[in-house]
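Contents: one structure, followed by commentary.
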Amino acid sequence: MQKQRQEAEADNRTTDFEDDFLNVIQEIEKLEKTFVIKGVPKEYAGVWAPNGEIRLWSLPRRSAKILESLVLERCPKTILELGTSAGYSTLWLARAAKQYGGKVYTIEMAKPKIEMAKNNFKNAGLAEHIEQLEGKVSEVLSGWDKGKIDFVFMDADKKNYLSYLKQLEPFLSDRAVVTADNAIDFKDLMGDYLSYVLESGLYKSRLIKIDNGIMVSVKK
């Protein structure tokens, strides 16, 4: 009887977690449709703002599920995300990492989005699996002290993808996976990055042609 009670309690905790997770995911998806700030107010100074406006720019759910599946396939101990926004993709990465004890580090410089994401992580029950790193990506990477990185998801300012990758390379573990969003819709802005991961000989890369396009590169 005790074993059955313990199993039932575990099932209930899992159900509660999934409900909390999906509720937060749906809230962000709803906000994604309406959140827009015309111009770049001071609290977003320095943030990449295509078309001169601030949006959430969350990953579509189908793409987020692909990221989750890649993480579950590889079970990376240390996951790094460049560009948190409201934390949508972070949550999918962290839900996967939770299953085997991994951890997600996510970088964001916009204070309002940092606070928004913090609340979302807490409400989804995943805060303990995520560490928020505040500041410009290049500055955070220049002081990186979290050890080897096993999995990267880039979803920040596209023109700097290549410089970010080169900052990261000394910290990438063997067979590390580097994923980059917007390889289709913003391919012109990240052309140097795409050429590098496809032609440098350092990575085995493939393009997942869904939504905005995800370039998946495995370090050789």
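The values are calculated or read from the model by the stated rules, or taken from the named source; none is laboratory data. Model, not experiment: these values are computed from the prediction. Positions of Cβ are generated from backbone atoms using ideal geometry, with glycine treated the same way; all protein chains shown enter the neighbour counts. Areas reflect the complete protein model, heavy atoms only, side chains present, ligands, DNA and RNA absent. Shrake-Rupley method; radii C 1.70, N 1.55, O 1.52, S 1.80 Å.
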**Report entry** Mean ellipticity per residue at 222 nm, deg cm²/dmol - from DSSP H runs of n ≥ 4 across the chain, formula -39500 (n - 2.57)
**Finding:** -13500 deg cm²/dmol
Query raised in the report: Roughly what angle does helix 111-123 make with the longest principal axis of the chain, taking Cα atoms, 0 to 90 degrees, to the nearest 10?
Result: 30
Report summary line: With every protein chain kept in place and a 1.4 Å probe, the chain has an accessible area per residue in Å² of 51
Report summary line: dims of the range 25-74, Cα set, principal axes, largest to smallest, nearest Å -> 40, 23, 17
Query raised in the report: Expressed as a whole percent, how much of the Cα-Cα distance distribution for the range 151-193 exceeds 15 Å?
Result: 37
**Report entry** Spin-label proximity, ALA127 to the range 71-101 - amide N less than 11 Å from point 7 Å beyond Cα toward beta carbon
**Finding:** none
Report task. Over the Cα atoms of the range 13-105, compute the convex hull volume and normalise it per residue, giving Å³. Result -> 111
Requested in this report: Only bridges with both residues in the chain count here: give the DSSP antiparallel percent, nearest 5.
Outcome: 40
**Report entry** Whole-number percent relative contact order across the range 88-181, with pairs defined as alpha carbons under 8 Å at least 6 apart
**Finding:** 25
Query raised in the report: Any idea what the dipole of the chain comes to, in debye rounded to 20, about its Cα centre with Lys/Arg Cβ at +1 and Asp/Glu Cβ at -1?
Result: 400
Report summary line: Heavy-atom accessible area of TRP48, protein chains in place, probe 1.4 angstrom, given in Å² to nearest 10, is 70
Query - Heavy atoms of ARG62 accessible to a 1.4 Å probe, total area in Å² rounded to 10 - result: 140
Query raised in the report: What do you get for Rg/Rh of the chain when both radii come from the Cα atoms and Rh is the Kirkwood radius?
Result: 0.98
Query raised in the report: Angle between the Cα long axis of helix 88-98 and the longest principal axis of the chain, 0 to 90 degrees, nearest 10?
Result: 50
Report task. Round to a whole angstrom and tell me the spacing of the C-alpha centers of the range 70-118 and the range 158-177. Result -> 17
**Report entry** Phi-based couplings in Hz for the range 162-170 (Karplus 6.51, -1.76, 1.60; Gly and Pro marked x)
**Finding:** 5, 5, 5, 4, 5, 5, 7, 3, x
Requested in this report: Binning at 5 Å from 0, report for the range 141-215 what percent of all alpha-carbon pair distances ends up in each bin.
Outcome: 3, 16, 28, 27, 16, 8, 2
Report summary line: Note to self: Kirkwood Rh of the range 82-146, Cα pairs, one decimal, Å, is 11.8
